[in-house]
Amino acid sequence: MDFALTEELEMIRDSAREFAERALKPHAARVDAEESFPDQALAEAAENGFLGLTVPEEFGGAGLGNLHSAVLLEELNRWDPSVGVTISVHMSLVCSCINKWGTQEQKEKYLPRLASGEMIGAYCLTEPQAGSDAANLKCRADKVDGGWKLNGTKSWITTGEQAGLYLVYAVTDSAGRRGHNIGAFLVERVFDGVVVGKKEAKLGLRGSSTTEMIFEDVLLPEENLLGDGSNGFKIALDTLDGGRIGIASQALGIHRACLEESLQYSKDRQQFGKPIGEFQAIAWKLADMATSLEANRMLVHKAAWLRDAGEPCTKVCSMAKLAASKACNLAAQEAVQIHGGAGYTKEFPVERHYRDARITEIYEGATDIQRLVISRHL
Ligand code: CAA
């Protein structure tokens with residue numbers, strides 16, 4: 001057993017940290033205020049090879065795993081979770097899914113373009129009536145000569161506006177057994193009938209675009225079916241195990257931001273003649289924030305390590321997502337409390353961290369869905 005990062009993981013952490021401080025930190029507040037998608041940051045992330053981190057080398061990536069992406073994502077989310085979620089979805093829900101479930105032709109066609117950033121990936125599972133109950137899809141793919149015809153509406157799609165490739169789940173057999181009647185499809189933005197719908201105005205992660213996606217009689221060639229046409233829900237849930245490591249890593253990054261900002265503020269801010277960090281009430285909050293960050297990082301890295309080893313990981317991935325997102329939200333609440341009135345204003349970044357933290361307990365399976373998954377495994 002070894003708790004140290006390998007030299008390779010340290011290199012990824014250091015280069016991601018340098019990138020995030022240079023390319024994300026200066027723009028994060030503006031991106032949030034203007035709700036502007038961070039195109040430039042993503043282009044630079046692609047140049048650094050981050051978008052292809054988990055794509056095999058033969059398809060233009062770095063061929064690394066979930067542990068590497070967890071380390072990378074903590075660093076990016078420390079400064080900008082809008083960029084963090086965009087890359088997490090691209091990497092853990094789209095690239096990894098094609099790599100695991102795709103045919104050789106699908107990998108050759110799409111992975112190099114995803115790794116280079118020519119295409120950003122989006123994951124289209126959720127529908128208005130299918131949030132936590134993800135199998136309850138209405139989006140339909142009907143068999144036609146040479147392929148499929150896709151119809152339906154997806155909601156809450158991360159990077160809906162900018163994506164070049166959508167991984168879309170749709171019912172292929174409306175009379176079939178629930179959860180065994182869904183197909184997974186690779187849908188290019190340029191296909192006729194792919195329409196970007198309403199953009200959501202959000203509490204946090206305001207730089208990431210979250211949209212409705214409408215598919216109107218989209219003709220898909222047979223080769224764009226991922227899997228066998230009936231195992232799409234299994235593919236979706238298996239893929240979400242990996243995605244949950246990504247969101248748990250995002251929670252670590254936001255948590256660390258809250259701790260670091262609070263530590264600095266507690267040294268700078270004087271009350272009753274001394275820095276507020278010298279009061280036990282503040283020092284103990286910082287100690288708790290630091291301890292839960294350390295503990296959750298170990299859990300997240302264990303989930304990533306299990307998935308990379310090909311071991312059963314569903315329970316631990318859900319534990320990591322549950323624990324890290326709850327701890328992150330508590331840290332954000334404490335960070336605002338330590339900052340007092342200042343933390344309630346946009347003068348200090350903890351106001352933004354408080355808003356950004358909230359979604360980590362909601363998307364990629366809300367907190368109670370993680371509890372459901374974990375309890376089913378006990
Ligand atoms: N891996 C592989 N297969 C799995 C699996 C996993 N992790 N979990 C379940 N399965 C299999 C089951 O074994 C079952 O197969 P059989 O019928 O052959 O036994 C099948 O999949 C269906 O599983 P369940 O019976 O458990 O399905 P359910 O309808 O009870 O739903 C659920 C389970 C956990 C509630 C699931 O619907 C769920 O995770 N809901 C939350 C949805 C979610 O996370 N959405 C995120 C959207 S993406 C997003 O947010 C991205 C973003 O933008 C940031």
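Per-residue answers, yes or no, for (1) more than 21 Å from residue 158 (Cβ to Cβ); (2) within 16 Å of the ligand (Cβ to nearest atom); (3) charged (D, E, K, R):
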residue: 294; (1), (2), (3): yes, no, yes
residue: 305; (1), (2), (3): yes, no, no
residue: 320; (1), (2), (3): no, yes, no
residue: 342; (1), (2), (3): yes, no, no
residue: 361; (1), (2), (3): no, yes, yes
residue: 367; (1), (2), (3): no, yes, no
residue: 374; (1), (2), (3): yes, yes, no
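Given the structure, is residue 263 in contact (Cβ under 8 Å) with a residue 12 or more places away in the chain and either more than 16 Å from the ligand (Cβ to nearest atom) or exposed (fewer than 14 other Cβ atoms within 10 Å of the Cβ) (or both)? Criteria met by residue 263. The condition of being crowded, with 21+ Cβ neighbours inside 10 Å, among the acidic types (Asp, Glu) and away from the ligand (no atom under 12 Å from the Cβ) does not hold for residue 288.
For residue 204, the conditions (1) touching a Gly at 6+ places or on another chain (Cβ under 8 Å); (2) surrounded by 17 or more Cβ atoms within 10 Å (Cβ to Cβ) all hold with the exception of (1). Candidates are the residues of segment 128-178 that are in contact with a Cys (Cβ under 7 Å, 6 or more places away or on another chain) and aromatic (Phe, Trp, Tyr); the one that is nearest to the ligand (Cβ to nearest atom) is 169.
In segment 52-71 there is no residue matching the filter, namely being in contact with a strand residue (DSSP E or B) (Cβ under 7 Å, 6 or more places away or on another chain), outside the structural domain of residue 169 (by TED's automatic domain parsing) and touching a residue at least 24 places away in the same chain (Cβ under 8 Å).
The residues in segment 277-291 that are farther than 16 Å from residue 260 by Cβ and either of a type outside the set (Phe, Trp, Tyr) or in contact (Cβ under 8 Å) with a residue 60 or more places away in the chain (or both) can be counted, and the count is 3.
Considering segment 351-375, and only residues there that are within 14 Å of residue 82 (Cα to Cα) and of a type in the set (A, V, I, L, M), the residue that is surrounded by the fewest Cβ atoms within 10 Å (Cβ to Cβ) turns out to be 359. Pairs are defined by a Cβ separation below 8 Å, a sequence spacing of at least 6 or placement on different chains, a first member in segment 357-370 that is touching a residue at least 40 places away in the same chain (Cβ under 8 Å) and closer than 15 Å to residue 204 by Cβ, and a second member that is surrounded by fewer than 24 Cβ atoms within 10 Å (Cβ to Cβ) and among the hydrophobic types (A, V, I, L, M, F, W, C); the pairs so defined are 358/203; 359/203; 363/156. Taking segment 47-71, which residues are surrounded by fewer than 18 Cβ atoms within 10 Å (Cβ to Cβ) and in a helix (DSSP H, G or I)? Passing the criteria: 47, 57, 58.
Would you mind stating whether residue 119 is touching a strand residue (DSSP E or B) at 6+ places or on another chain (Cβ under 9 Å), part of a loop (DSSP other than H, G, I, E, B) and not hydroxyl-bearing (Ser, Thr, Tyr)? Judged against the criteria, residue 119 is a match. Of all the listed residues (276, 247, 254), the sole one being away from the ligand (no atom under 16 Å from the Cβ) and either touching a helix residue (DSSP H, G or I) at 6+ places or on another chain (Cβ under 7 Å) or at pLDDT 95 or above (or both) is 276. Listed by position, the strands (runs of 3 or more DSSP E) enclosed by segment 152-243 that each have at least 3 residues that are more than 19 Å from the chain's Cα centre (by Cα) are 182-188, 194-199, 210-221.
The values are calculated or read from the model by the stated rules, or taken from the named source; none is laboratory data. What you are looking at is a predicted structure, and each value in this text was computed from that prediction instead of being measured. Cβ sites come from the backbone with ideal geometry, for glycine too, and all protein chains shown count toward neighbours.
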